[in-house]
């Protein structure tokens, strides 16, 4: 009779598909997040190109109203939940343990679970495409358009279920990172000595822990209204506006969740490529905390048109204006970092500089929205679409590109090609401005958003053509990036452990790092821990310090496990019960129980 | 109201523009001045970690700017709900705006707050008169917006909202629903016609009238009954009292069709040119294309394809255009 420990034995470390399915290594999980989020970035991009093709000319009949409404809904959901957030988590996964001198995150199997749940949530959200019934009420899905009465098709069911599953993934991951940062820092690494990226990741994770439950409540109430006939968002018995409050109490911190990791990345990149430390490190940290904190007080600036009354309008206008201050302070600190520096224009640095240029524009247009009376002209027009894309593309995405060009060598051991990188940068930079710049103008000329077509001769035709042209240029730039990404895996110049002469601990070990990260956990005596060992007292050491790299070291690391994947499958099946059949729910529950018990009972090695 | 909004926007815009120029200029200057020079690869600049005075300075300055913008903002907010004191002695009319998927009903109220007359999709107002709007919805959230007169205000089922505007000159003002409301959100448009006080009074007097009984003798009316139109539409003075679709009593005097998805000019003439010239289409081609297949013109339209023959369409179109 086989013993329990035999039945539940952990799989061996391996390459190949089995190794990836059972991995609990934060580096591999980071790579899984990265490739999956790049895939969904392309999906979201395709959805955008389709919309721009439709809007290139007035009165276009290329894409039907219903398809267009699905496209703009899915474009936003995909970009926010399936591309930008997971890309942030990819970097959290890769970098947090390396930057704090740890061997892995606090809960490696939970980490793997977070990834698989994300993948299944992403699939759930996209299942609607199979029957041409994707969610079609906008990513914000305002009640009561989303009720069964006005949206009887299954699309919004995928919205509710998909986002519930994705929220679970984010929550589990965030809790993991918070515990990791609090508990697993190397000796001597007080919080103020922690690298700025890990700080921003930490703050973002706390925001996630607090914000995801709010949308979860909203989604459960919407789900109950749709599946069980409750009346939370009913116009007579409930309150339609309740959804908006719940959504935006989540939704506004969400945008800070989208931008803080990006800010963390460029805050690492500027010091490296200007060869100067980050100016005002504690101020940059505290601005991040201030933004996260104040971000909770501004949500109803998304609701200026709903007629809340002069008092709420005034309060939210004032708080929204206030949040410009810590954001501006960060920009000034970045400028002061590169002022007087010795600036190297690598592709990564160019994207980071592009980030400052474009995010500033997005932030300033945001300031114009905060003026509530004037926002009543801007809201729901393309002027807002311009703002969103300057902060999310010009901000988050540019920083993500900067981060990829910077940390890809650490992850894969080879540099991305700089020449392709420059083409990538310029095409994306120019294309982005061509696409979203004119939207400021057409928005102020009254062109509403979320419109599948617009009439001719409102004065909007020419600039829409320009926008659509710009989107094609961006697409080419992104294709070049893809080519660079895959080609450099095999043909990129070998990176070595510290190709950029950087400042933080991840650069002190090999590229890619060994399975155990650090042969010896470092002792930290200050910020920019690695830099101090290379340039003690500001002067270069004779021989650079290289971490001991050998396969003879046997360091006990967490063993791979099947159960995160199994548990994730169970959770996904449970979620899908509502749109399939109760038997799926039973199957899901059984799978979940199998996953959970296996997880609990499997041996440690 | 729109003028006040524009002034506020320009204030914030110019401040933002100045900040934009400063930040971007600094960025460009830094990129040029501090670029790495040949042979300088290893040069380590002075490792400045921070400067407290600078931090205080560039925190206080934004605070002052923000306060400077917030004050006029707060002053402007009350004005987006109710007309400011300077309009206390201006004549006022009250209109209830009811949003429905995907058209607008306008119920003009008399001095007692009762319904004076009902029309749809085209609102006439006298110039230099405060128009107070009460905003309602019968289905989902829409948003009433005529940008050149005022910003937007949502219409929300289950609660009443309010806004106001005041046209200082005659003209035709285009509007559209601004809050995504389903399949034909993009086509839920409206027109506001601002005209002189006398012209408005004449228009309103006409709107109050129902149609004479003789209309019920026409072939068009028979079709209107047989095809079920009476189930959804009202024509005051007849037995048609349906209230699901727009009130058609004076459809013929309106300038557009189906909440301004189509106009009554030649099909080849575009939107804006038609409204500038207001020449009617003698062949009623746009109206006929609507009657032929409403969901094809307006996706999701609750008015179905009634399967009308060409001659039925012509008869109905002429009947409707006669409802002046």
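The values are calculated or read from the model by the stated rules, or taken from the named source; none is laboratory data. What you see is a predicted model, and the numbers here were worked out from it, not measured in a lab. Note that each Cβ is placed from the backbone with ideal geometry, even for glycine, and that neighbours are counted across all protein chains shown.
Do the conditions hold for residue B:186, that is, is it within 27 Å of residue A:301 (Cβ to Cβ), within 7 Å of another protein chain (Cβ to nearest Cβ) and not in a strand (DSSP E or B)?
Criteria met by residue B:186.
With the requirement that a residue be in the same structural domain as residue B:91 (by TED's automatic domain parsing), over 30 Å from residue B:296 (Cα atoms) and either surrounded by fewer than 17 Cβ atoms within 10 Å (Cβ to Cβ) or within 8 Å of the chain's Cα centre (by Cα) (or both), what does the stretch B:166-204 give you?
B:168, B:169, B:170, B:171
Going residue by residue through the stretch A:421-442, is there one that turns out to be part of a helix (DSSP H, G or I) and closer than 27 Å to residue A:314 by Cβ?
Among the residues of the stretch A:421-442, at least one is part of a helix (DSSP H, G or I) and closer than 27 Å to residue A:314 by Cβ, which makes the answer yes.
Residue A:296 passes all but one of (1) under 22 Å from residue B:56 (Cα atoms); (2) more than 7 Å from chain B (Cβ to nearest Cβ); (3) touching a helix residue (DSSP H, G or I) at 6+ places or on another chain (Cβ under 8 Å); (4) surrounded by fewer than 21 Cβ atoms within 10 Å (Cβ to Cβ); which number fails?
Evaluating residue A:296 over (1) under 22 Å from residue B:56 (Cα atoms); (2) more than 7 Å from chain B (Cβ to nearest Cβ); (3) touching a helix residue (DSSP H, G or I) at 6+ places or on another chain (Cβ under 8 Å); (4) surrounded by fewer than 21 Cβ atoms within 10 Å (Cβ to Cβ) leaves (1) as the failure.
Residues to consider are B:67, B:71; find the one that is loosely packed, with under 13 Cβ neighbours inside 10 Å, more than 9 Å from chain A (Cβ to nearest Cβ) and part of a helix (DSSP H, G or I).
Going through B:67, B:71 in turn, the sole match is B:71.
Which ones in the stretch B:256-299 are at positive phi and surrounded by 16 or more Cβ atoms within 10 Å (Cβ to Cβ)?
Those that are at positive phi and surrounded by 16 or more Cβ atoms within 10 Å (Cβ to Cβ): B:258, B:259, B:260, B:284.
Being within 7 Å of another protein chain (Cβ to nearest Cβ) and crowded, with 20+ Cβ neighbours inside 10 Å is the filter here, so list the residues in the stretch A:299-317 that pass it.
Of the stretch A:299-317, the ones within 7 Å of another protein chain (Cβ to nearest Cβ) are A:305-307, A:310, A:313-314, A:317.
Within the stretch A:299-317, A:305, A:306, A:307, A:313, A:317 meet the criteria.
For residues that are out of contact with any strand residue (DSSP E or B) (no Cβ under 8 Å at 6 or more places or on another chain) and either outside any strand (DSSP E or B) or in the same structural domain as residue B:115 (by TED's automatic domain parsing) (or both), tally how many sit in the stretch B:225-270.
So the answer is 20.
Take residue B:62 and tell me if it is within 14 Å of chain A (Cβ to nearest Cβ) and surrounded by fewer than 18 Cβ atoms within 10 Å (Cβ to Cβ).
Judged against the criteria, residue B:62 is not a match.
For the stretch A:407-426, name all the residues that are out of contact with any helix residue (DSSP H, G or I) (no Cβ under 8 Å at 6 or more places or on another chain) and either surrounded by fewer than 22 Cβ atoms within 10 Å (Cβ to Cβ) or at pLDDT below 95 (or both).
So the first thing to find is which residues in the stretch A:407-426 are out of contact with any helix residue (DSSP H, G or I) (no Cβ under 8 Å at 6 or more places or on another chain), and the list is A:409, A:413, A:419.
Within the stretch A:407-426, A:413, A:419 meet the criteria.
I need the full set of residues from the stretch A:245-282 which are part of a helix (DSSP H, G or I), within 12 Å of chain B (Cβ to nearest Cβ) and crowded, with 24+ Cβ neighbours inside 10 Å, in order please.
Across the stretch A:245-282, the qualifying residues are A:270, A:271, A:273, A:274.
Name every residue in the stretch B:275-295 that is under 23 Å from the mean Cα position of the chain (by Cα) and within 14 Å of another protein chain (Cβ to nearest Cβ), in order of residue number.
B:275, B:276, B:277, B:286, B:294, B:295
Hey, could you check the stretch A:49-75 for residues that are crowded, with 20+ Cβ neighbours inside 10 Å and within 30 Å of residue A:31 (Cβ to Cβ) and say which is nearest to the other protein chains (Cβ to nearest Cβ)?
Step by step, filter the stretch A:49-75, then rank; the result is A:73.
Is it true that some residue in the stretch B:89-105 is in a helix (DSSP H, G or I) and either more than 7 Å from chain A (Cβ to nearest Cβ) or surrounded by fewer than 19 Cβ atoms within 10 Å (Cβ to Cβ) (or both)?
no
Does at least one position in the stretch B:36-48 carry a residue that is facing chain A (nearest Cβ under 7 Å), surrounded by fewer than 16 Cβ atoms within 10 Å (Cβ to Cβ), in a helix (DSSP H, G or I) and touching a helix residue (DSSP H, G or I) at 6+ places or on another chain (Cβ under 7 Å)?
no
Among A:527, A:496, which is surrounded by fewer than 18 Cβ atoms within 10 Å (Cβ to Cβ) and outside any helix (DSSP H, G or I)?
Values: A:527 fails: surrounded by fewer than 18 Cβ atoms within 10 Å (Cβ to Cβ).
Sole residue among the options that is surrounded by fewer than 18 Cβ atoms within 10 Å (Cβ to Cβ) and outside any helix (DSSP H, G or I): A:496.
Residues in the stretch A:541-554: is at least one surrounded by fewer than 18 Cβ atoms within 10 Å (Cβ to Cβ), within 14 Å of chain B (Cβ to nearest Cβ), part of a helix (DSSP H, G or I) and at pLDDT below 90?
no
So residue B:5 fits all but one of (1) over 20 Å from the mean Cα position of the chain (by Cα); (2) within 7 Å of another protein chain (Cβ to nearest Cβ); (3) part of a helix (DSSP H, G or I); what number is the exception?
Residue B:5 satisfies every listed condition except (1).
Would you please name the residue that is surrounded by the most Cβ atoms within 10 Å (Cβ to Cβ), looking only at residues in the stretch A:338-368 that are assigned to a helix (DSSP H, G or I), within 9 Å of chain B (Cβ to nearest Cβ) and in contact (Cβ under 8 Å) with a residue 60 or more places away in the chain?
Restricting to residues being assigned to a helix (DSSP H, G or I), within 9 Å of chain B (Cβ to nearest Cβ) and in contact (Cβ under 8 Å) with a residue 60 or more places away in the chain, the top hit is A:338.
What do you reckon, is residue B:32 free of Cβ contacts under 8 Å to residues at least 60 places away in the same chain, more than 7 Å from chain A (Cβ to nearest Cβ), surrounded by 15 or more Cβ atoms within 10 Å (Cβ to Cβ) and closer than 21 Å to residue A:358 by Cα?
So residue B:32 does not fit the description; no.
For the stretch B:277-309, which positions are assigned to a helix (DSSP H, G or I) and touching a residue at least 12 places away in the same chain (Cβ under 8 Å)? Show your work before the answer.
Applying the first criterion (assigned to a helix (DSSP H, G or I)) to the stretch B:277-309 yields B:277, B:285-292, B:294-297.
B:277, B:285, B:286, B:287, B:288, B:289, B:290, B:291, B:292, B:294, B:297, listed by residue number.
Among the numbered criteria (1) surrounded by fewer than 19 Cβ atoms within 10 Å (Cβ to Cβ); (2) within 19 Å of residue A:257 (Cβ to Cβ); (3) within 14 Å of chain B (Cβ to nearest Cβ), which single criterion is violated by residue A:209?
With (1) surrounded by fewer than 19 Cβ atoms within 10 Å (Cβ to Cβ); (2) within 19 Å of residue A:257 (Cβ to Cβ); (3) within 14 Å of chain B (Cβ to nearest Cβ) applied to residue A:209, the lone miss is (3).
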